[in-house]
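Peer 1: Shown below is the structure under consideration.
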Amino acid sequence: MPFNRLASQLSRLGPGLVLSVAATGLAFAIHTVLPAIPAMTLAVALGLLSANIPGPAVLVAGRARPGLDFAGKHLMRAGIVLLGLKVSVWDVLGLGWLSLLLIAGVVLISFAGTYGLARLLRLPGEASLLIATGFSICGASAIGAMAAVRRIRHQDTVLPVALVTLCGTLAIGVLPLLMHPLNLNPAQFGAWTGASVHDVGQVVATAQTAGTAALAIAVVVKLTRVVLLAPIVAAAGLHQRVQHVRQRANGSADADDVDARFPPIVPLFVVGFIAMVALRSTGWATPEVLEAAAVAQDILLASALFGLGSAVRVRTLIHTGGRAALVALGSWVIIASLGLMAAWIMIR
């Protein structure tokens with residue numbers, strides 16, 4: 001019966017979902033006391049701690065695991081949909097065509113540079129793609145979207161998410177220290193932050209150190225990068241479909257294999273993201289709706305990031321993540337350098 005199936009699902013997923021929501025509440029409570037540390041970063045950190053402290057590790061690896069995996073996958077997708085309500089096409093177009101071209105250039109060159117660096121250091125193709133996507137566009141949200149369209153296993157997203165979150169947190173401390181040595185005014189610093197820091201929350205935490213003018217332009221530049229999530233994911237989906245067509249034509253695809261089916265060019269949750277961007281751009285959404293959606297999005301993404309962080313074992317990370325960490329740091333330098341050049345050109 002449907003009720004019995006629902007009860008069974010709740011019993012299976014409930015412990016992990018309750019744990020992720022509780023951890024999210026703790027992350028926001030700490031953020032309230034220490035506003036300089038984004039709640040998303042705290043959620044990942046709490047997940048890492050839960051997976052590596054003997055007592056909680058038993059819970060997150062056992063009874064809570066199904067719910068935590070569900071949070072890391074499905075709550076992430078729901079958060080990406082609501083992320084679209086932060087983006088107005090008119091705000092993006094207000095930057096001007098030169099700025100739009102510069103931001104698109106930063107994203108594409110940093111994507112290509114990171115992917116090339118990852119392949120040079122012999123990371124697997126899937127890890128290379130996820131790290132390049134996360135660092136060049138919008139952090140964990142972009143990684144989740146790319147993993148969905150390329151049908152990359154959920155567990156393979158854990159390390160890229162951890163790296164992009166940690167490097168974005170590093171930017172919060174490092175970029176403000178460089179503002180005066182680089183002789184940047186607040187507007188230039190805001191543009192640099194928006195063009196080079198990964199997660200929206202990390203952009204806010206970094207840019208607000210230079211005042212409201214820096215924060216305003218940082219958010220618009222960052223959300224312009226977020227808009228590029230849809231076309232880049234669509235391009236990856238189209239490439240995946242072409243590969244499947246070729247495999248079938250060559251007889252190398254197994255018809256009984258799930259991965260042999262045609263993958264979607266654009267996942268439904270990315271379509272939802274685009275719909276939310278369109279809704280925001282019409283101006284129909286009231287400030288109260290936008291505020292409520294922003295809170296819901298933060299809760300969903302923080303819960304998802306806790307779920308992903310809880311799958312990271314430090315011992316495994318040390319043994320398998322060395323080259324990936326080098327790629328992440330290299331990518332961080334690439335996008336910070338490109339973003340700085342773009343900021344100097346955009347705002348003189």
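The values are calculated or read from the model by the stated rules, or taken from the named source; none is laboratory data. Predicted model only: the values in this text are computed from it and were never measured. Here the Cβ positions follow ideal geometry from the backbone for every residue, glycine too, while neighbour counts run over all protein chains shown. With ligands, DNA and RNA removed, areas are computed over all heavy atoms of the protein, side chains included. Shrake-Rupley method; radii C 1.70, N 1.55, O 1.52, S 1.80 Å.
Yes/no per residue for (1) modelled with pLDDT under 85; (2) open to solvent by less than 10 Å² (accessible area, probe 1.4 Å); (3) of a type in the set (A, V, I, L, M):
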residue: Ala78; (1), (2), (3): no, no, yes
residue: Trp97; (1), (2), (3): no, no, no
residue: Ala118; (1), (2), (3): no, yes, yes
residue: Leu121; (1), (2), (3): no, no, yes
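Peer 1: Taking segment 139-159 as the region of interest, how many residues are open to solvent by less than 30 Å² (accessible area, probe 1.4 Å) and more than 14 Å from the chain's Cα centre (by Cα)?
Peer 2: Adding up the residues that qualify gives 2.
Peer 1: Condition first: assigned to a helix (DSSP H, G or I) and modelled with pLDDT of 85 or more. Can you find one or more residues in segment 241-254 that meet it?
Peer 2: The answer is no; no qualifying residue exists.
Peer 1: Still on this structure, I have one more. What pairs come up if the first residue lies in segment 123-140 and is outside any helix (DSSP H, G or I), the second is charged (D, E, K, R), and their beta carbons are under 9 Å apart, counting only those six or more places apart or on different chains?
Peer 2: These pairs meet every condition: Leu123/Arg323; Pro124/Asp156; Ile137/Arg225; Cys138/Asp199; Cys138/Lys222; Cys138/Arg225; Gly139/Asp199.
Peer 1: Evaluate the following for Ser136: is it under 20 Å from the mean Cα position of the chain (by Cα), of a type in the set (Gly, Ala, Ser) and either modelled with pLDDT under 90 or open to solvent by 20 Å² or more (accessible area, probe 1.4 Å) (or both)?
Peer 2: Criteria not met by Ser136.
Peer 1: Let me confirm something: among Gly47, Gly105, which residue is open to solvent by less than 40 Å² (accessible area, probe 1.4 Å), modelled with pLDDT of 85 or more and either under 22 Å from Ala278 (Cβ atoms) or in contact with a Phe, Trp or Tyr (Cβ under 8 Å, 6 or more places away or on another chain) (or both)?
Peer 2: None of the other options fit; the residue is Gly47.
Peer 1: Hey, which of the helices (runs of 4 or more DSSP H) in segment 281-346, taking only ones fully inside, have at least 1 residues that are open to solvent by less than 70 Å² (accessible area, probe 1.4 Å), among the small types (Gly, Ala, Ser) and within 19 Å of Asp199 (Cβ to Cβ)?
Peer 2: Correct list: 287-309, 322-346.
Peer 1: Something else about it: Do we have any residue at all in segment 49-64 that's among the charged types (D, E, K, R) and part of a helix (DSSP H, G or I)?
Peer 2: First pass over segment 49-64, keeping only residues among the charged types (D, E, K, R): 63.
Imposing the further condition that a residue be part of a helix (DSSP H, G or I) reduces the set to none.
No: zero hits.
Peer 1: If you don't mind, another one. Listed residues Ala162, Ala195, Ala207; which is at pLDDT 90 or above, surrounded by 24 or more Cβ atoms within 10 Å (Cβ to Cβ), in contact with a Gly (Cβ under 8 Å, 6 or more places away or on another chain) and part of a helix (DSSP H, G or I)?
Peer 2: Ala195
Peer 1: Given (1) part of a helix (DSSP H, G or I); (2) under 30 Å from Gly190 (Cβ atoms), where does Leu68 come up short, assuming only one miss?
Peer 2: Answer for Leu68: the failing condition is (2).
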